[in-house]
1. Tell me yes or no: at least one residue of segment 99-110 is farther than 25 Å from residue 188 by Cβ and surrounded by fewer than 23 Cβ atoms within 10 Å (Cβ to Cβ).
2. Just for segment 125-155: of the residues that are of a type in the set (Ser, Thr, Tyr) and closer than 21 Å to residue 86 by Cα, which one is most open to solvent (accessible area, probe 1.4 Å)?
3. Just one of 99, 117, 64 is modelled with pLDDT of 95 or more, part of a helix (DSSP H, G or I) and more than 30 Å from residue 192 (Cα to Cα); which is it?
4. Exactly one condition in (1) surrounded by 21 or more Cβ atoms within 10 Å (Cβ to Cβ); (2) within 14 Å of the chain's Cα centre (by Cα) is not met by residue 120; state its number.
5. Please enumerate the residues belonging to segment 197-228 that are aliphatic (A, V, I, L, M) and either free of Cβ contacts under 8 Å to residues at least 40 places away in the same chain or open to solvent by 50 Å² or more (accessible area, probe 1.4 Å) (or both).
Amino acid sequence: MTPGESVTNQIARRSKSNLAFALSTLSRTRKRDMMTFYAFCRVVDDIGDEDTAGVEVRRQLLQEWRDGLTQGFPHPDDLQSEIAELPKRYPIDRAMMAEIIDGVASDLDHRFYETHEEVLAYCYKVACVVGLVSIEIFGYTNPACKNYAVALGYALQLTNIIRDVGEDARNGRIYLPLEDLRRFKVTERQILEGRPPASFEALMEHQYQKAMHFYAEAERLLPEEDRHRMLAAEMMAQVYSEILQKIRKHRFQVFGRRIGLSKLRKFAILGAYTARGFMRAV
């Protein structure tokens, strides 16, 4: 830990998140505020994933965060003080941030989802709402940007679900719709034990097509006049869609080493989007 370093920077430095990388396209003030929001998302997500703590302990910690956001923190730490300031600077509904916590808390009770619609409801809370808050910090002029944020949130989270099938299975969770498993004759046990049958590739191709539908929808819905304000979001879309394509190229081998992009490729994407922003500014 660097002396004098803020809690948000500490979290960003420890994380290899693609979101933290994409924020390099933002102005200094907006980047600072997005890092605060990102740190909040990381902290509550870590609470939900902390298996060394009991479920009730984690539920209570998440409830404390939720109460603090909606009613005020009685004794806020540095991050809580910073996150409480965001709705004062941007038109961010505190209830939306609480909804993110609700999504994380649902992981404490649900390890399986029966239908595609149930998966999308989960994705909305943990990803689409994150996008809706983020665009308020990015700034936009056309309200249609909200529809763009929702579509992109679905695309990114479905990509996460595809990429993390193996990791989630090791934690006893399956986010692929059980109705799809039955359709492609893949059993829950085969997923949880990491021994997918030959039909697994067809199952994952089906999930891939769902994600690609939402990437296409996001591209269609992004208002042209706000495209330069959404560079960070567009960079996320580029990074995650390339990860998705790479996973498909590897025939959905998601039970081994996590598939991602090289740092060199990420810098190339960052350079391209930075140049795009510069060209729009001149």
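1. Narrowing segment 99-110 to residues farther than 25 Å from residue 188 by Cβ: 99-102.
Among the residues that remain, those that are also surrounded by fewer than 23 Cβ atoms within 10 Å (Cβ to Cβ) are: 99, 102.
Yes.
2. Of segment 125-155, the ones of a type in the set (Ser, Thr, Tyr) are 134, 140-141, 148, 154.
Subsequent filtering for residues that are closer than 21 Å to residue 86 by Cα retains 134, 140-141.
Values: 134: 11, 140: 56, 141: 85 Å².
Checking each candidate, the answer is 141.
3. 64
4. Only one criterion in (1) surrounded by 21 or more Cβ atoms within 10 Å (Cβ to Cβ); (2) within 14 Å of the chain's Cα centre (by Cα) is unmet by residue 120, namely (1).
5. Scanning segment 197-228 gives 198, 202, 203, 212, 216.
The values are calculated or read from the model by the stated rules, or taken from the named source; none is laboratory data. Just so we're clear, the structure is a prediction, and the values are computed from it rather than from any experiment. So basically every Cβ, Gly included, is an ideal-geometry build from the backbone, and we count neighbours across all protein chains shown. Side chains included, ligands, DNA and RNA excluded: accessible areas come from the protein's heavy atoms. Shrake-Rupley method; radii C 1.70, N 1.55, O 1.52, S 1.80 Å.
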